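Asker: If you scroll down you'll find the structure; I have some questions about it.
The values are calculated or read from the model by the stated rules, or taken from the named source; none is laboratory data. Given the structure is predicted, the values throughout are model-derived calculations rather than measurements. All Cβ positions, even for glycine, are placed from backbone atoms using ideal geometry, and neighbour counts span all protein chains on display.
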Amino acid sequence: MFDVTDSDGNYYQFKNNPSGFKKFAKLLNHDSHCVMEAKGYYHYQLANHLLESSLKVSVENPLALKRFIQMKLSKIKTDKSDSKLICEYAKKVDLKLWQGNSKHLTECLQMIRLLFVYTKQSTMLKKQITWRIRYGQSK
């Protein structure tokens, strides 16, 4: 899921997949400027989708956003509150447009994502095998 607060303060939540990206894009117009935090590989698919839809995108450094949130003395740490503060941040700073990644870098990021998925599945399988060996039963 990804969280969105628009410039009017309206809050939305969308699935972090192509279907969710399309639903989000329906809220936007050609003047829209989307600002997001760089979050490992998680933001790349959305950022690329928006860029391919000819929308303005800025991908901001997480440390800059963290410092901005700390300056606001916000003690509430939820995805919804972060979304609101990122919107506020976007109104106050000079944003640089994100240009996207080269095809090579995009392919590398996709491989990293697949490695994470494989590692997670491998860990789950190891736990199941260990459980079955210990208790001699299937789950």
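Asker: Considering only residues that are free of Cβ contacts under 8 Å to residues at least 24 places away in the same chain, assigned to a helix (DSSP H, G or I) and under 19 Å from VAL93 (Cα atoms), which ones fall in the stretch 13-63?
Answerer: LEU63
Asker: Would you pick out the residues in the stretch 72-90 that are hydrophobic (A, V, I, L, M, F, W, C) and in contact (Cβ under 8 Å) with a residue 12 or more places away in the chain?
Answerer: LEU85, ILE86, CYS87, ALA90 - these are the residues of the stretch 72-90 that are hydrophobic (A, V, I, L, M, F, W, C) and in contact (Cβ under 8 Å) with a residue 12 or more places away in the chain.
Asker: When you scan the stretch 103-115, do you find a residue that is touching a Leu at 6+ places or on another chain (Cβ under 9 Å), assigned to a helix (DSSP H, G or I) and either closer than 26 Å to GLN13 by Cβ or basic (Lys, Arg) (or both), even just one?
Answerer: no
Asker: Please verify whether LEU85 is farther than 24 Å from VAL117 by Cα and either in the same structural domain as ARG113 (by TED's automatic domain parsing) or not aromatic (Phe, Trp, Tyr) (or both), treating the condition exactly as stated.
Answerer: So LEU85 fits the description; yes.
Asker: Give the residues of the stretch 77-102 that are of a type in the set (Asp, Glu) and within 19 Å of GLY9 (Cβ to Cβ), sorted by residue number.
Answerer: If the condition is that a residue be of a type in the set (Asp, Glu) and within 19 Å of GLY9 (Cβ to Cβ), then ASP79, ASP82, GLU88 are the ones that fit.
Asker: Please identify the pairs in which a residue from the stretch 109-130 that is touching a residue at least 12 places away in the same chain (Cβ under 8 Å) has its Cβ atom under 6 Å from the Cβ atom of a residue that is of a type in the set (D, E, K, R), counting only partners at least 6 apart or on another chain.
Answerer: Short answer, once both residue conditions are applied: none.
Asker: Now a separate question. When the residues of the stretch 1-34 are narrowed to those that are under 16 Å from LYS80 (Cβ atoms) and aliphatic (A, V, I, L, M), which ends up surrounded by the fewest Cβ atoms within 10 Å (Cβ to Cβ)?
Answerer: So the residue we want is MET1.
Asker: On to the next question. Which condition does SER54 not pass, out of (1) surrounded by 10 or more Cβ atoms within 10 Å (Cβ to Cβ); (2) under 21 Å from ALA25 (Cβ atoms), if it passes all the others?
Answerer: Result: SER54 passes all but (1).
Asker: What are the pairs with Cβ atoms under 9 angstrom where one residue, in the stretch 91-106, is at positive phi and the other, located anywhere, is not in a loop (DSSP other than H, G, I, E, B)? Sequence gap at least six, or different chains.
Answerer: Once the first residue is at positive phi and sits in the stretch 91-106, its partners that are not in a loop (DSSP other than H, G, I, E, B) give GLY100/ALA47; GLY100/ASN48; GLY100/LEU51; GLY100/GLU52; GLY100/VAL57; GLY100/THR106.
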